[in-house]
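First comes the structure, then the notes that go with it.
The values are calculated or read from the model by the stated rules, or taken from the named source; none is laboratory data. Just so we're clear, the structure is a prediction, and the values are computed from it rather than from any experiment. Here the Cβ positions follow ideal geometry from the backbone for every residue, glycine too, while neighbour counts run over all protein chains shown.
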């Protein structure tokens, strides 16, 4: 099991210059970096890969940012834009050393509305078709895609592990996995540990975040049960600390972070990593 940190805690958008924080990540003890890449044009992947190598770090996952205009159930233009964006991430990931593109790529984040069941079915079929094309593209590049359920305030489409697994079954591709996040599970799952057990071998990534978006372990989540579930499914994958503070303004607004929930970003990273490693099997 390896532990990483999502770059959103310190940088948005991520650019070549954002690699200046890599030495700090390494000194704190992280094994890898999850790069949240809002725009593929913001980086030279070879430059970023060199910075990772120079600091003894890996990029084991690329985190997608699907804001307005990137929507697999949106207008034709939104669908094309989303597909082209995810395909770009899939091409870049291996250059960075990663074989995983993760996130809520099925829809624009923030799109949450109650629609009739027939419309919901049409959206579902549309997303499944688009994800099938992306999964096929990913398989050709030896990359997997992990779709992330979000809480009800950020999407009306996929909120739970069960829904994500149903979408994966509908698509029918081994290149598609589920990406779970403890913050979202704390809001939406009846039992987050049971959701992990249901995901089983299809769990491609776990984001670790406190119940208030703060430090893992400094919150009300039952982390012992989370790790017991990971142990039960023999989870071979990665755990990424994903948290946000008001210091990164764009992300703070998008994630509704209106106050300082922890003393500092460093505290989230260092204390969170220490806590997670203490539970690792």
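Within segment 176-208, the set of residues being within 24 Å of residue 98 (Cβ to Cβ) and surrounded by fewer than 21 Cβ atoms within 10 Å (Cβ to Cβ) comprises 200, 201, 202.
Go through the residues of segment 76-84 one by one and say whether even a single one is in contact with a helix residue (DSSP H, G or I) (Cβ under 7 Å, 6 or more places away or on another chain) and buried (at least 24 other Cβ atoms within 10 Å of the Cβ).
no
Looking across segment 1-28, the residues that are modelled with pLDDT under 95 and assigned to a helix (DSSP H, G or I) come down to 8, 9.
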